[in-house]
Amino acid sequence: MSLVVKEKNHVRLVFLGAANVGKTALIRRFLMDTFEPKHRRTVEELHSKEYEVSGATVKVEILDTSGSYSFPAMRKLSIQNSDAFALVYAVDDAESFESVKSLREEILEVKEDKFPPIVVVGNKAESSSERQVPAEDALVELDWNSRFVETSAKDNENVLEVFRELLQQANLPSRLSPALCKRRETLPKEQALRPPMNKTNSCSVC
């Protein structure tokens, strides 16, 4: 029996975390290479991109979720329908770090998988003077066999690395790397502050 795992041509990545940790900022930085400092509450937004790999189309969906716990049914559905998870906290917010632990437990319960594809993201790394969660403590406490990355959406630090890791864990084609694509969405400048739902982009992988 072959142990080769088939590569997918469609995957959904979901970003989960407390409010105001920078989930939307990370996604916007990846898709449009922009940063909006003003926090805007998100309920749920789905972004879609298509990549051409060896003549085949690979569709990547990125789900930006609410940081509010007022939508448990919506969050559960998001987990059920997603292939890989970014659990985001802010390094200057210890409570958001605790939320990541709860979200992981929920993922384990919903997916019924002891080792779901998770990347833990400590965002706002630029806030070093206000840091409440040292990276060393996070690595010790989150001994989950999951990838851990500290990022700064503001300074564009390690944002691409988060998406590379998510795509790899989701078992997308090995030649699909966001670094090889122009990631900015072709939005008019006046629309740049609020990306539309289900925005689709296509690009070719060399």
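The values are calculated or read from the model by the stated rules, or taken from the named source; none is laboratory data. Just so you know, these numbers come straight off a predicted model, no measurement behind them. Every residue, glycine among them, receives a Cβ derived from its backbone with ideal geometry; neighbour counts consider all protein chains shown. Quick note on the areas: whole protein, heavy atoms, side chains included, nothing else; ligands and nucleic acids left out. Shrake-Rupley method; radii C 1.70, N 1.55, O 1.52, S 1.80 Å.
Tabulated values for the structure
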quantity	calculated
Residue tally, condition surrounded by fewer than 17 Cβ atoms within 10 Å (Cβ to Cβ) and in contact with a strand residue (DSSP E or B) (Cβ under 9 Å, 6 or more places away or on another chain), over the range 25-42	1
Some residue of the range 155-171 being open to solvent by less than 70 Å² (accessible area, probe 1.4 Å) and modelled with pLDDT under 80	yes
Boolean, residue 131 is among the basic types (Lys, Arg), under 22 Å from residue 161 (Cβ atoms) and more than 17 Å from the chain's Cα centre (by Cα)	yes
Residue 73 vs. criteria open to solvent by 20 Å² or more (accessible area, probe 1.4 Å), touching a residue at least 12 places away in the same chain (Cβ under 8 Å) and of a type in the set (A, V, I, L, M, F, W, C)	no
Tally, over the range 43-60, of residues that are open to solvent by less than 20 Å² (accessible area, probe 1.4 Å) and modelled with pLDDT of 75 or more	7
Test: residue in the range 106-119 that is assigned to a strand (DSSP E or B) and at pLDDT 90 or above	yes
Some residue of the range 96-104 being over 14 Å from residue 15 (Cβ atoms), aromatic (Phe, Trp, Tyr), open to solvent by less than 70 Å² (accessible area, probe 1.4 Å) and over 13 Å from the mean Cα position of the chain (by Cα)	yes
Flag if residue 124 is open to solvent by 30 Å² or more (accessible area, probe 1.4 Å), closer than 18 Å to residue 20 by Cβ and in contact with an Asp or Glu (Cβ under 8 Å, 6 or more places away or on another chain)	yes
